[in-house]
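The values are calculated or read from the model by the stated rules, or taken from the named source; none is laboratory data. Keep in mind that what you see is a predicted model, and the values were worked out from it rather than measured. Cβ sites come from the backbone with ideal geometry, for glycine too, and all protein chains shown count toward neighbours.
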Amino acid sequence: MEYEVVHTDDVPKTDLSEIDEVPPDLQIRALDEVLPTEHVQLKLWYFEPGEEIQYHAHAEQEELYYVLEGEFSVKLGRSGEEEYVDAGPGTFWMARPEIGHGHRNVGDEQGVVLAIGAPAVEDPGLDPHGLEDE
């Protein structure tokens with residue numbers, strides 16, 4: 001089909017703590033599995049207070065994030081040049097390939113972040129401290 005329409009509630013949540021190979025132990029809705037995208041990965045991430053995606057980078061994938069709910073501290077930048085930014089509902093941030101990024105729910109309520117990654121490739125996190133400046 002050339003188009004799809006889906007409501008968030010119709011996309012099952014996956015508890016990543018039940019999958020040993022996939023850190024972190026968060027819950028997600030894999031929208032890209034219900035809306036069969038070809039070129040982007042599309043996920044809703046759910047964070048309880050204190051939960052985080054640790055600082056990492058990707059070799060090929062550019063990522064864009066949008067806070068739907070909650071208060072986050074975002075760590076962005078190349079190793080040794082990182083900065084922290086506060087992000088609440090309505091905030092976007094992005095990281096190009098090989099640029100470190102990570103975020104933590106610093107609020108008292110559950111946080112929800114929409115993550116869009118392109119291209120849609122298996123691109124596990126890299127240690128940004130081991131990447132050379134080009």
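Just to be sure, is residue 29 buried (at least 16 other Cβ atoms within 10 Å of the Cβ) and charged (D, E, K, R)? Break it down stepwise before answering.
Working: buried (at least 16 other Cβ atoms within 10 Å of the Cβ): yes; charged (D, E, K, R): yes.
Yes; evaluated as a whole, the condition is true for this residue.
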- [ ] Six or more apart or on different chains, Cβ under 8 Å: which pairs go from a residue in the stretch 1-16 that's in contact (Cβ under 8 Å) with a residue 12 or more places away in the chain to one that's surrounded by 10 or more Cβ atoms within 10 Å (Cβ to Cβ) and among the polar types (S, T, N, Q)? Could you list them?
- [x] 13/27; 14/27; 15/27; 16/27
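Output yes when any residue across the stretch 67-77 is within 23 Å of residue 128 (Cβ to Cβ), of a type in the set (Lys, Arg) and part of a strand (DSSP E or B), and no when none is. Break it down into steps so the answer makes sense when it comes.
Just the residues of the stretch 67-77 that are within 23 Å of residue 128 (Cβ to Cβ), to begin with: 67, 72-77.
This time we only want the ones that are of a type in the set (Lys, Arg), so: 75.
Remaining after also requiring part of a strand (DSSP E or B): 75.
For the stretch 67-77, residues within 23 Å of residue 128 (Cβ to Cβ), of a type in the set (Lys, Arg) and part of a strand (DSSP E or B): present.
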Task: Which numbered condition residue 35 fails, given (1) surrounded by 14 or more Cβ atoms within 10 Å (Cβ to Cβ); (2) under 17 Å from the mean Cα position of the chain (by Cα); (3) over 25 Å from residue 88 (Cβ atoms) - done: (2)
Open item on the list: Condition first: among the hydrophobic types (A, V, I, L, M, F, W, C) and closer than 23 Å to residue 119 by Cα. Now tell me which residues in the stretch 5-25 satisfy that.
Closed with: 5, 6, 11, 16, 22
Open item on the list: Against the condition under 19 Å from residue 11 (Cβ atoms) and in contact with an Asp or Glu (Cβ under 9 Å, 6 or more places away or on another chain), how does residue 41 come out, does it pass?
Closed with: yes
Open item on the list: Residues to consider are 113, 40, 85, 34; find the one that is of a type in the set (Val, Ile, Thr), touching a Leu at 6+ places or on another chain (Cβ under 8 Å) and within 28 Å of residue 2 (Cα to Cα).
Closed with: 113
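Among the residues of the stretch 103-134, which ones are crowded, with 16+ Cβ neighbours inside 10 Å, modelled with pLDDT under 95 and either more than 15 Å from the chain's Cα centre (by Cα) or within 15 Å of residue 44 (Cα to Cα) (or both)?
Residues of the stretch 103-134 crowded, with 16+ Cβ neighbours inside 10 Å: 103-107, 111-117, 123, 125, 128, 131.
Those still in the list that are modelled with pLDDT under 95 too: 117, 123, 125, 128, 131.
Those that are crowded, with 16+ Cβ neighbours inside 10 Å, modelled with pLDDT under 95 and either more than 15 Å from the chain's Cα centre (by Cα) or within 15 Å of residue 44 (Cα to Cα) (or both): 117, 128, 131.
Scan the stretch 78-110 for residues that are assigned to a strand (DSSP E or B) and in contact with a helix residue (DSSP H, G or I) (Cβ under 6 Å, 6 or more places away or on another chain) and report the count. Explain how you work it out, then say what you get.
From the stretch 78-110, those assigned to a strand (DSSP E or B) are 83-87, 92-95, 100-105; that's our starting set.
Those left that are additionally in contact with a helix residue (DSSP H, G or I) (Cβ under 6 Å, 6 or more places away or on another chain): 100.
Qualifying residue count for the region: 1.
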TODO: Look at residue 75 and say whether it is under 16 Å from residue 114 (Cβ atoms) and basic (Lys, Arg).
DONE: no
Open item on the list: Any residue at all in the stretch 26-42 that's of a type outside the set (A, V, I, L, M, F, W, C), in a loop (DSSP other than H, G, I, E, B), free of Cβ contacts under 8 Å to residues at least 12 places away in the same chain and under 19 Å from residue 117 (Cβ atoms)?
Closed with: no
